[in-house]
Structure formats: C-alpha cells, structure tokens
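K.L.:
Sending over a structure as structure tokens; questions will come in a sec.
The values are calculated or read from the model by the stated rules, or taken from the named source; none is laboratory data. For clarity, every value in this text was computed on a predicted model and none was experimentally measured. FYI the Cβ positions are ideal-geometry reconstructions off the backbone, even for glycines, and counts take in every protein chain you see.
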Amino acid sequence: MLRAIELWRGRIDLVSPFRTSFGVDTARDLLYIRAVGDDHSGWGECVAGTEPNYSSEYLENCVGVVTRFLVPVLRSDSTAESFVVSVAPIRGNFMSKACVEAALLDLQLREKNLSLARYLGATKTRVASGVSVGIQNSLDQLVKVVGQYLEQGYLRIKLKIEPGSDIELVRVVRREFGDNLMLQVDANAAYTAGDASHLRKLDQFNLLLIEQPLPEDDLFGHVELARAIATPVCLDESITSLDTARSAIDLQACSIINIKPGRVGGYLEAKKIHDLCFERGIPVWCGGMLETGIGRAANLALAALPGFTLPGDTSASARYFARDVTEPFILEDGHVAVPDTVGIGVEPLPEMLEKFEKVAEFRTT
Ligand code: NPQ
Ligand code: MG
C-alpha cells in the first residue's frame with residue numbers, strides 16, 4: 001500500500017565540467033521521489049536538467065508538475081501500472097511521470113521481493129559500458145581524456161560534437177586509437193537539414209552511429225539525412241514514446257534507438273520500445289542523463305534486456321561523481337553489474353541524504 005509521496009531535492013558536483021552542444025554543466029541538480037509504503041519505500045530519480053536545453057523539461061518545473069498533476073492521481077492502492085494509465089491524458093512531461101513511476105515500481109517490487117531486472121525480463125547479469133565524452137578545450141585534451149577512459153576499460157567512446165567541432169575530433173581520435181575502437185558521436189540536435197554534405201565527411205571514419213543530428217521534432221529531416229549519409233542514424237531526443245519509436249522506424253528516420261526511461265515517461269514505456277525494436281531488428285542501447293546511483297541502478301536493469309546489443313552510456317559512478325548518492329557502481333572489465341536484489345537494488349546512503357532536503361510530503365487516501 002502507498003501511504004505517502006515525498007519530494008527530495010539536492011545538488012551534487014560533477015568531477016569535471018560536462019560540455020555538450022547545448023551547454024556546460026558543473027553540477028547536477030537533483031529531484032528524487034520517495035514512495036512510502038507500510039514496510040518499504042521506493043526511490044525514483046528525475047532526469048531533467050536545471051535548464052530546458054536537452055529537452056523542454058527542467059527540474060524546477062518537474063517539481064510543479066509532480067505536485068500539481070501527478071501526486072493528485074495517486075491513491076493508497078496505486079501501482080506503477082495504474083499510475084501510467086491515470087496520467088495518460090496528461091501531455092508530455094515524460095521526465096516528471098518517469099520519476100514517480102520509478103518510485104512506485106521500486107516500492108511494489110520490494111513488497112513482492114522481486115528485482116527490477118527480473119521484473120523487466122533481464123537476460124544479463126552485467127552490462128557492457130561506454131562513456132560519453134564532453135566537448136573539450138583542445139584536441140590534445142580530448143586525446144588525453146579518451147585515453148584515460150580507455151585505460152579504465154570503457155568498451156565504447158561517444159564524442160559530443162557540434163558545428164565547428166566535429167570532423168577533426170573524430171579524425172584525431174580514430175588516428176590515435178585505431179580502427180577497432182567502438183566510436184560514435186552525439187550532436188544533441190545541433191545540425192540542420194542543410195548540413196548533410198558536411199556530415200557525410202564522417203562516413204570515412206566507420207562510426208557505430210551518429211546520435212540525434214537534427215532537432216527533436218524533425219523526423220523527416222532525419223529520414224532525408226539517413227538516406228544521404230552512410231553512418232547509421234540513431235535517435236535520442238526525438239523518441240519520446242512507443243508511438244514515436246514506431247513512426248521513426250517505419251519512416252526509416254533511424255536504424256538504431258537510444259532508450260532513456262526518463263525521456264519516454266518511464267520503465268514500462270521503455271520496455272515496450274525495447275520489445276518493438278527487438279521484434280523489428282532495431283538495435284537499442286541505454287542512454288544516460290548523468291544519473292546518480294538511484295537512476296543508474298534502474299537503467300542497468302533495463303539495459304540487461306536482450307535487445308540492448310550496443311554498449312550504453314551506463315558508465316560507473318566515478319565517471320560523474322566523486323561520491324555517489326548510493327554505493328558506487330564500478331566498472332569491471334568494461335562492464336557494470338546489474339543489481340540483483342529487491343527493487344532497484346540500491347538506496348540513498350544516509351550520510352548523503354543528510355545533505356539533501358525533503359521539500360514536500362503528501363499522504364494518500
Ligand atoms: C545525451 N547524456 O545522450 C545526454 C545528454 C545530457 C551522457 O551524453 C543534465 C541533465 C546534464 C541531462 C548533460 C549523455 C545533461 C543531461 C548531457 C543530458 O544526449
Ligand atoms: Mg544523446
């Protein structure tokens with residue numbers, strides 16, 4: 001039974017600034033949802049950033065959406081499944097819905113003594129992990145940083161790119177680390193339809209994929225671009241639901257999909273997208289949103305499903321944080337272990353929770 005919902009806020013420094021085509025972050029603002037039952041509680045992490053630059057959602061707004069529109073649908077007999085049905089009429093706000101759903105899932109799975117990985121249908125006990133490398137100040141710095149991640153064992157490198165900082169980065173990293181390195185790029189929607197002939201210059205580097213080259217709502221632009229270049233197009237920001245995934249696949253706007261539970265409204269929708277892609281032979285991989293251990297744990301359970309055939313941005317905690325909010329996730333032999341205990345398998349460490357603030361509490365009826 002669900003007795004209460006709590007909202008927790010915090011902030012945690014990143015080990016180094018993370019620069020993408022949409023901005024620089026030096027810290028992660030946090031919103032956690034805690035679903036409180038009689039004997040257990042569950043945690044969900046909101047993936048929204050401080051500003052609406054990755055997508056239109058942002059953290060402070062999620063606090064308002066959760067409080068005004070999502071908490072009011074909850075009853076003491078609510079489940080993650082019933083919650084998803086109840087909030088279907090509410091448009092968008094995927095990241096707000098996802099963190100509430102995640103907390104409910106964690107609670108109900110703990111009550112049933114079942115792990116999220118088992119519940120979702122995981123077939124792996126560890127997940128092959130890549131790392132997302134932010135835009136650096138120089139090519140020398142880029143080579144140094146990539147070298148460090150490869151030394152740590154990461155199995156795949158993703159370079160963040162933007163106009164003016166793209167072909168040369170890939171050329172240098174390929175030259176330095178060789179043709180066998182699994183290498184891909186992510187533009188975070190920074191290009192336009194007219195950039196096709198420029199992006200075609202990436203074809204010579206045998207990349208695994210180019211992620212989200214064009215704006216989120218430009219599915220047809222991606223169709224045209226995918227026809228014009230040899231590098232496989234992967235969508236991230238554009239895929240906000242099972243329906244957009246199906247449309248993108250049918251239109252051939254992409255041949256690979258990055259699944260992020262936060263971006264699609266939760267783990268249940270993410271599993272549906274996985275199942276569709278599995279059936280259609282579309283490879284998927286699990287993205288990352290600089291999650292602390294709470295979100296990271298749940299993502300690992302999802303990434304353990306059989307259709308996740310490409311290494312994800314499921315990096316170790318140390319990639320982002322000197323001290324994670326949970327026991328840290330570590331990289332072993334290029335892989336991160338999938339939690340196999342109840343629920344998401346982790347909880348915030350008491351000493352970390354002390355630094356955070358419970359900003360609201362609502363009781364259910
Ligand atoms: C991506 N993540 O795949 C995102 C982008 C991203 C690991 O590259 C705060 C909140 C900062 C969300 C920085 C990775 C963020 C963020 C980058 C998302 O496109
Ligand atoms: Mg991306």
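K.L.:
Among the residues of segment 17-31, count how many are within 13 Å of ligand 2 (Cβ to nearest atom), in a strand (DSSP E or B) and more than 24 Å from residue 356 (Cβ to Cβ).
P.N.:
Residues meeting the conditions: 1.
K.L.:
Within segment 262-280, does at least one residue satisfy the condition of being within 13 Å of the chain's Cα centre (by Cα), more than 16 Å from ligand 2 (Cβ to nearest atom) and small (Gly, Ala, Ser)?
P.N.:
Checked against the condition, which is being within 13 Å of the chain's Cα centre (by Cα), more than 16 Å from ligand 2 (Cβ to nearest atom) and small (Gly, Ala, Ser), segment 262-280 yields at least one hit.
K.L.:
Next question. Output yes when any residue across segment 348-362 is in contact (Cβ under 8 Å) with a residue 40 or more places away in the chain and either within 16 Å of ligand 2 (Cβ to nearest atom) or crowded, with 20+ Cβ neighbours inside 10 Å (or both), and no when none is.
P.N.:
There is at least one residue in segment 348-362 that is in contact (Cβ under 8 Å) with a residue 40 or more places away in the chain and either within 16 Å of ligand 2 (Cβ to nearest atom) or crowded, with 20+ Cβ neighbours inside 10 Å (or both).
K.L.:
Can you confirm whether segment 141-157 contains a residue that is touching a strand residue (DSSP E or B) at 6+ places or on another chain (Cβ under 7 Å) and either within 16 Å of ligand 2 (Cβ to nearest atom) or of a type in the set (Gly, Ala, Ser) (or both)?
P.N.:
Yes.
K.L.:
Same structure again: Specify the residue that is surrounded by the fewest Cβ atoms within 10 Å (Cβ to Cβ); the eligible residues are those in segment 167-208 that are touching a residue at least 60 places away in the same chain (Cβ under 8 Å) and in contact with a Pro (Cβ under 8 Å, 6 or more places away or on another chain).
P.N.:
Residue satisfying both the conditions and the ranking: 182.
K.L.:
Can you say whether residue 38 is part of a strand (DSSP E or B), in contact (Cβ under 8 Å) with a residue 24 or more places away in the chain and either touching a Cys at 6+ places or on another chain (Cβ under 8 Å) or farther than 22 Å from residue 92 by Cβ (or both), as far as the supplied structure shows?
P.N.:
no
K.L.:
Something else now. For segment 303-333, how many residues meet the condition of being within 16 Å of ligand 2 (Cβ to nearest atom), out of contact with any Gly (no Cβ under 8 Å at 6 or more places or on another chain) and not in a loop (DSSP other than H, G, I, E, B)?
P.N.:
2
K.L.:
List the pairs whose first member sits in segment 20-31 and is under 18 Å from residue 142 (Cα atoms) and among the charged types (D, E, K, R), whose second member is modelled with pLDDT of 95 or more and within 8 Å of ligand 1 (Cβ to nearest atom), and whose Cβ atoms are under 8 Å apart, counting only residues at least 6 apart or on separate chains?
P.N.:
Listed pairs, sorted by first residue: 25/18; 25/49; 25/50; 25/290.
K.L.:
If you take the residues in segment 232-241 that are under 16 Å from the mean Cα position of the chain (by Cα) and among the aliphatic types (A, V, I, L, M), which one is nearest to residue 98 (Cα to Cα)?
P.N.:
This residue is 239.
K.L.:
Let me ask another. Give segment 22-62 a look and list any residue that's of a type in the set (Asp, Glu) and under 29 Å from residue 364 (Cα atoms), or say none.
P.N.:
29, 38, 39, 45, 57, 60
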